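One structure below.
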């Protein structure tokens, strides 16, 4: 594995993705934990190693507006943000998708205020799940780089023509270095041909984009088109992934398994914590438990059919959400349930697990608890289990101390 | 205790890894400005240069000089299936001994039985009570003193990484030096400073003995608690006991202590104006009084004092 690999953070891998894709225009606005991407690109452009125009705007709203409109001129656009920044520019996400501007946006996940935090969960990126963006969620720094290349290829395909978000977790990927293969530029150029826009803005040729529509039927017409185009992105991704694997070796899938083939107890995860999931699956296997993991890399379009096929016939399934839709529960859990409903041989037990919200550190014990719970549910015959919220005694002890400092509790009743 | 070039070094006796396959977890604790993140990267790169799998990452909050920072390096001979905070390190590198008393940093927390604790401390300072489990596997060295001598600054990323590399027993000097060069180049350090850092790294690497940890997986289990217990606590993030910042004293962030020579002080008030932390007040005669409980040792007063009435002195422990 060592040949051609270097130690890169997720942020550096994202910058390499943009560089290898030959992004031409990069509107930027700093926010932790994304800023290192923009800093890296700025350095390369300044040193003449990358031929692109980088402009710092005055907000993420302006940044995304510039990104979308620039993409419509026919240049390849890259941009990046996190959390509050994504929400500040949120209005433009729906516009960019509606304009059919196939840019790539890297979101470095960070929990949303309040309380304000720097560490990751997926409420930020999942808030954008209905906007029309393709969403690819990375587990490793290598996937960050490779997904950016795949995202451009799929987004710019004439059967799709929609923007894409590549998501990586703050800290766990953004600031974490691990071996990453920087893909060969000539092979990337072959994989990713020049972007050719539909009716690009030109001084010499009139075109209006983003026109207002009067009448819901016209609105519906275009929304149906976008929906079908986004659904097509699934097959276009598979096609692109095959082409990618012929050039670079790795074959990516919308969903993929780890020790899944004969698994009876399956944990469904996405993003960087899937690594922790693999670790516990391995531990379970060493103890003779037929455990496995299903990783969802493509969140939009949602690969419902593949998920249902991968989960059918299993004894029990846990869906891990590093997000919380307040008043409902885990977002991915509910989408997976939707995918399973009506499928033959669907698993009877599907447990919702909430963990890692706000980047909460997860211990092995917490990950083991998921499988213990699945086995307990199977034994007891409970088919509609209550969600499992992961939390530890030592964390609560720390919180007691903090609450005492804050003056909201007088004396601990647990010490 | 073995005396090596003036430094007291206590050596662990067993040299083998119990866990199979090998996964070595190193946790660094220091303060913003020490080079904690860079130390973890140099170690990660050095291990990578050895042909091993490596992963390094820092954790920090609102960044500021002097605040506690931690960073992690994982080294393995197979793909690493862990991420983020290291709960159960095989080696902890404490880059500032004053952190040993910091309840939020807790640098020795979770160190596996048989794990190695490295502490950057002056040999002549009184040792802390490290506790029974640590004392057997302790390595100490005055990295700051050596850094001040060789590079002229209390930045200890390179020597901390060198200490950790040597302790592991699996990293060669040449892999370490390559890592020092590439990591410092990447963050824009000049060639002459890199040269001095290499001298520093070699000195530390050669002085410290190989003391690989012989750790076992801990039997202790962290207890999980249900949601019902969590939500039995107050749920608003209000702080009602306001004005408690003075409780968090920041004086032990200092490496150097500013000292006023009142015979030369002209009561011009420049130090008072420049102090970024309001740690200097003016007495009735107009001369400064430094609040050493909170002075972080930025030394702006020392640099700005027009009559050069402020001198500095290296400090080892504040409290």
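Computed from the coordinates by the stated procedures, all read-outs in this text should not be read as laboratory data. Since this is a predicted model, take the numbers as computed values, not measurements. Don't worry about glycine lacking a Cβ; one is built from the backbone with ideal geometry, like all the others, and counts go over all protein chains shown.
For segment B:247-314, relative contact order (Cα pairs under 8 Å, six or more residues apart, normalised by length) works out to 47 percent. Sort segment B:160-319 into rounded, prolate or oblate with this rule: let a ≥ b ≥ c be the square roots of the eigenvalues of the Cα gyration tensor; rounded if a/c is under 1.5, and if a/c is not under 1.5, prolate when a/b is larger than b/c, oblate otherwise. Taking the square roots of the gyration eigenvalues as a ≥ b ≥ c, segment B:160-319 is oblate. Note on chain A: GNM, Cα springs under 10 Å; of A:170, A:17, A:48, the largest mean-square fluctuation is that of A:48. Mean separation of Cα pairs under 8 Å and 6 or more residues apart, divided by the residue count, gives chain A a relative contact order of 15 percent. Of the residues A:43, B:37, the one with the fewest other Cβ atoms within 10 Å heads the list, and the complete ranking is A:43, B:37.
How much length would be gained if the chain were fully extended between residue A:55 and residue A:223, taking 0.36 nm per residue of separation minus their Cα-Cα distance, in nm to one decimal? Provide the component values of the computation, followed by the final result.
Details: separation 168, 0.36 × 168 = 60.48 nm, distance 3.15 nm.
Taking 0.36 nm per residue and subtracting the Cα distance, the gain is 57.3 nm.
In what sequence do A:79, B:281, A:140, A:35 fall when counting other Cβ within 10 Å, fewest first?
Numbers: A:79 31, B:281 11, A:140 21, A:35 18.
The most exposed by this proxy come first: B:281, A:35, A:140, A:79.
With the simple model of a label 7 Å out from the Cα in the direction of the Cβ, residue B:233 to residue A:116 spans 2.2 nm. Computed from Cα positions, the angle between helix A:331-340 and the longest principal axis of chain A comes to roughly 90 degrees.
Which percentage, to the nearest 5, of the DSSP beta bridges contained in the protein assembly as shown is antiparallel?
In the protein assembly as shown, DSSP labels about 45 percent of beta bridges as antiparallel.
What is the diffusion coefficient of chain B in µm²/s, taking the Kirkwood radius over Cα pairs and the Stokes-Einstein relation at 10 °C with a viscosity of 1.306 mPa s? All intermediate terms of the calculation are to be shown ahead of the outcome.
Details: Rh = 21.3 Å.
Here the translational diffusion coefficient equals 75 µm²/s.
Can you tell me the orientation of helix B:191-207 relative to chain B, as the angle in degrees between its alpha-carbon axis and the longest Cα principal axis, to the nearest 10? That helix lies at roughly 60 degrees to the long axis.
Could you compute the FRET efficiency for residue A:196 and residue A:325, with r as their C-beta to C-beta distance and R0 at 60 Å, rounded to 0.05? Show your work: numbers first, answer last.
Values: r = 39 Å, r/R0 = 0.65.
E between residue A:196 and residue A:325, to the nearest 0.05, is 0.95.
Here the sum of -39500 (n - 2.57) over DSSP H runs of 4 or more residues, divided by the residues of chain A, equals -13000 deg cm²/dmol at 222 nm, to the nearest 500. Reducing segment A:153-176 and segment A:21-78 to their Cα centroids gives an inter-centroid distance of 15 Å.
Looking at chain A alone, DSSP beta bridges between its own residues are antiparallel in about 25 percent of cases. Helix A:216-248 and the long axis of chain A differ in direction by around 80°, with both axes built from C-alpha atoms.
Suppose a student asked you for the relative contact order of chain B, using Cα pairs under 8 Å spaced at least 6 residues apart; what percent would you report?
Details: 619 pairs, mean separation 57.9, N = 319.
Worked out over chain B, it gives 18 percent.
Is the C-alpha gyration tensor of segment A:177-318 telling us rounded, prolate or oblate? Criteria: a/c under 1.5 is rounded; beyond that, a/b larger than b/c is prolate, otherwise oblate.
Details: a/c = 3.25, a/b = 1.68, b/c = 1.93.
Here segment A:177-318 falls in the oblate category.
For the protein assembly as shown, take the alpha-carbon Rg, divide it by the Kirkwood Rh, and send me Rg/Rh. Answer for the protein assembly as shown: 0.99. Taking A:238, A:96, A:218 in turn, the Gaussian network model of chain A (Cα-Cα springs below 10 Å) assigns the largest fluctuation to A:218.
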